[in-house]
Structure formats: C-alpha cells, structure tokens
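Peer 1: My structure is below; once you've seen it, I'll send some questions.
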Amino acid sequence: MWRVKSALSRISGGIVLAAGLFGCEGGGGPPVESASELKLAEGVPSTRFDFESKDLGGWQTVDGRWAIEDMAGAPSGHAVLVQRAVDNTFNVIVAPGGPYTDVDVSVRFKPISGAEDASGGIVFRFADGRYYVIRANALEGNFRLYYYDHGRHQLASARVGPPSLGEWHALRVVAIDDHIQGYLDGKLLLDHRDRRFRSGAVGVWTKADSITAFDDLTIRGVSVGG
C-alpha cells in the first residue's frame, strides 16, 4: 500500500565539506555536526510505501530476489519488503514514481543475515543503471555514500558503530542540487557535494549475501519538470 501526502518544510543550508560525525575517513574540513540541515521547499509531495497491500506493481527489479513477506515486529503493520538473493554483487529494486531532482528519502531497514555483507541502502537519482547509494553495514563500522557507474565508487565515509543484526534502523538521505546529506538512526553523519547525477528514480539496495528487510519507504521529491 502506498499513500500520498503533502509535506511542508523550508529551505536552509550552507556549504560544508564532507566529514563524518565521528570522523570522516580520509576527509578534512569542518565537522559534519556544524552543517546546516538541508530541507526541501514548501509544498513538495510525499509518497509512502508500507507494503501492507503486498503489491509490487510498478516496481522495477534491477538485481536480486525481492518479495513482500509478513514479519513480526514490522515498523508499520505486518508486511515488509525483503531481499533474499545471496549471489549478486549488488541488489537493487526501484520504486514507482519520478524521476526526481531534489529528494528527501527515508526508510527503515533490518539486516537479517550475511557472512560477506549485511547491509541496507537507499538508491537515489537512478537512471540508465547509474545511481547514488547511501548505505549502512552491520558487519562494518562505517556509513558510506557511493556512486555507481559500471562499478561502485566511494564518495564519503563516516565511522559509526555497526547497526545491530536483527534490529530495525533508520536511513535517510537528502539531496538538493549537488548537496547530499546522509543520516543513520536520526544522526547526520555525511555531508558531501557531487554533481555527476542530477535526476532519477529512488529505490533500495543490498550487497552480496545480505538478507535485509525494508519498511516505511517515504519519498519526498521534486519531479523533473515539476
């Protein structure tokens, strides 16, 4: 099931360099906690997917084995989106809607298992197989922003305590023009600028043998030409 709502906010922000709240690997510049929070303009519509209808009509599977399953303790209702393929490099599914330029996207994710990787991520500005992804990994103490274009390339990284396996966590990304901010469990951890991809769709992501559940995907986005 998805619901469309109106969401109001005001633009604020400043220019800062990439950094991590607990130290950015290989980075310099001001600490990210000094960054002003990016906010979309007033009147940007919001679309929420809670998967209670158990319908993936309009979704595009790029790679992976994605299905809606019942799960006790789901953040919203009883149904969640789960990725169960274990032999792909990356697993991506793209939500209906868009393409968008500026976005504010949030999702709840639960890393269930994985020996090589136990991750969950948000894909944004997805077009022609190219995209940005912001992800957390329960097997690593970092939170990272990448771009993908015939291979994955790291843009920014913050040191964090790994999100716990078997527990729900919150991911959020805000991208306005070339300015990108990433949040894990409500904390602003990444603040970066990159302008290689300007618009596209939104989705979710896992890597390798990650079995991961997702719920409450909420997309606030400015449609191309809107």
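The values are calculated or read from the model by the stated rules, or taken from the named source; none is laboratory data. Fair warning: this is a prediction, and the values are worked out from it, not measured in the lab. Every residue, glycine as well, gets a Cβ built from its backbone with ideal geometry; the counts of neighbours run over all protein chains shown.
Peer 1: Would you say R220 is closer than 17 Å to N91 by Cα, charged (D, E, K, R) and assigned to a strand (DSSP E or B)?
Peer 2: no
Peer 1: Can W168 be described as crowded, with 24+ Cβ neighbours inside 10 Å and aromatic (F, W, Y)?
Peer 2: In short, no.
Peer 1: Working only within the range 38-49, note down all residues that are surrounded by 13 or more Cβ atoms within 10 Å (Cβ to Cβ) and either hydroxyl-bearing (S, T, Y) or part of a loop (DSSP other than H, G, I, E, B) (or both).
Peer 2: Once the filter is applied, which keeps residues that are surrounded by 13 or more Cβ atoms within 10 Å (Cβ to Cβ) and either hydroxyl-bearing (S, T, Y) or part of a loop (DSSP other than H, G, I, E, B) (or both), the range 38-49 yields L38, K39, L40, V44, S46, T47.
Peer 1: Would you pick out the residues in the range 196-210 that are assigned to a strand (DSSP E or B) and either farther than 20 Å from Y146 by Cα or out of contact with any Ser or Thr (no Cβ under 6 Å at 6 or more places or on another chain) (or both)?
Peer 2: Selection gives G200, A201, V202, G203, V204, W205.
Peer 1: While we're looking at this one, here's another question. Can you tell me which of (1) free of Cβ contacts under 8 Å to residues at least 24 places away in the same chain; (2) in contact with a Cys (Cβ under 8 Å, 6 or more places away or on another chain) is the one A156 doesn't meet?
Peer 2: Condition not satisfied by A156: (1).
Peer 1: Something else: Based on this model, can you work out whether G121 counts as closer than 24 Å to G186 by Cα and either among the hydrophobic types (A, V, I, L, M, F, W, C) or outside any loop (DSSP other than H, G, I, E, B) (or both)?
Peer 2: yes
Peer 1: Same structure again: So for the range 89-112 (the condition being hydroxyl-bearing (S, T, Y), surrounded by fewer than 24 Cβ atoms within 10 Å (Cβ to Cβ), under 11 Å from the mean Cα position of the chain (by Cα) and under 23 Å from K39 (Cα atoms)), does at least one residue qualify?
Peer 2: Yes, some residue in the range 89-112 is hydroxyl-bearing (S, T, Y), surrounded by fewer than 24 Cβ atoms within 10 Å (Cβ to Cβ), under 11 Å from the mean Cα position of the chain (by Cα) and under 23 Å from K39 (Cα atoms).
Peer 1: Another question, if that's okay. Hey, can you tell me all the residues within the range 130-150 that are outside any strand (DSSP E or B), at pLDDT 95 or above and out of contact with any Pro (no Cβ under 7 Å at 6 or more places or on another chain)?
Peer 2: Listed by number, the list holds a single entry, D149.
Peer 1: Got a sec? Which of V204, V224 is in contact (Cβ under 8 Å) with a residue 24 or more places away in the chain and surrounded by fewer than 24 Cβ atoms within 10 Å (Cβ to Cβ)?
Peer 2: V224
Peer 1: When you scan the range 67-87, do you find a residue that is more than 27 Å from K207 (Cβ to Cβ), of a type in the set (S, T, N, Q) and out of contact with any Lys or Arg (no Cβ under 7 Å at 6 or more places or on another chain), even just one?
Peer 2: Within the range 67-87, not a single residue is more than 27 Å from K207 (Cβ to Cβ), of a type in the set (S, T, N, Q) and out of contact with any Lys or Arg (no Cβ under 7 Å at 6 or more places or on another chain).
Condition check ((1) closer than 21 Å to V173 by Cα; (2) surrounded by 17 or more Cβ atoms within 10 Å (Cβ to Cβ); (3) at pLDDT below 95) across all residues:
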| site | (1), (2), (3) |
| --- | --- |
| F51 | yes, yes, no |
| W59 | yes, no, no |
| E69 | no, no, no |
| A79 | no, yes, no |
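Peer 1: Can you tell me which residues in the range 175-219 are within 15 Å of the chain's Cα centre (by Cα) and among the β-branched types (V, I, T)?
Peer 2: Within the range 175-219, I176, I180, V202, V204, T206, T212, T218, I219 meet the criteria.
Peer 1: Continuing with this model, one more query. (1) closer than 25 Å to G141 by Cα; (2) in a loop (DSSP other than H, G, I, E, B): which one isn't true of V107, the others all being true?
Peer 2: Among (1) closer than 25 Å to G141 by Cα; (2) in a loop (DSSP other than H, G, I, E, B), V107 violates only (2).
Peer 1: Which of the numbered conditions does Y131 fail, given that it passes all the others? Conditions: (1) surrounded by fewer than 19 Cβ atoms within 10 Å (Cβ to Cβ); (2) closer than 26 Å to R65 by Cα.
Peer 2: Status for Y131: all satisfied but (1).
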